[in-house]
């Protein structure tokens, strides 16, 4: 390798390093995590051996705990999708979590009605209603 090749490699590595910004560290180790983008949030929905869901606020560079999956729920091969609904309240979304890759694995289908954990006024008003929010539940709300 020639000196010009080494300098060129160093410049490429430096450009890649400068392209990324260091963000707040994850609150826990995640392997096989599922995530959903919603407005200024990235919702992290559990992973292999970690049953908690977090919201990462893109502008605040912070994480907040949302909820935990039920204890016996097996994650790692799960899939989470955001259901788009046409209603007046754009802050209220529905997340569906599916699992059960292998024939003999315990399967689950869970639903969560999510309201941003970053807007405390919205949360207070929503939690007064009878419909549970920000909690993984069996069945459909």
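The values are calculated or read from the model by the stated rules, or taken from the named source; none is laboratory data. Given the structure is predicted, the values throughout are model-derived calculations rather than measurements. Glycine gets a Cβ as well: all are built from the backbone with ideal geometry, and neighbour counts include every protein chain shown.
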Problem set entry | Scope segment 40-86; condition over 18 Å from residue 109 (Cα atoms) and loosely packed, with under 12 Cβ neighbours inside 10 Å; matching residues | 59, 61, 85, 86
For this session: Among the residues of segment 93-113, count how many are free of Cβ contacts under 8 Å to residues at least 40 places away in the same chain and either part of a loop (DSSP other than H, G, I, E, B) or buried (at least 16 other Cβ atoms within 10 Å of the Cβ) (or both).
Result: 12
Problem set entry | Given (1) modelled with pLDDT under 80; (2) part of a loop (DSSP other than H, G, I, E, B); (3) under 20 Å from the mean Cα position of the chain (by Cα), index of the condition residue 129 fails | (3)
Exercise. Tally time: how many residues in segment 50-72 are closer than 18 Å to residue 29 by Cβ and part of a loop (DSSP other than H, G, I, E, B)?
Worked result: 1
Exercise. How many residues are outside any strand (DSSP E or B) and either in contact with a strand residue (DSSP E or B) (Cβ under 7 Å, 6 or more places away or on another chain) or at pLDDT below 60 (or both) if we restrict to segment 30-49?
Worked result: 6
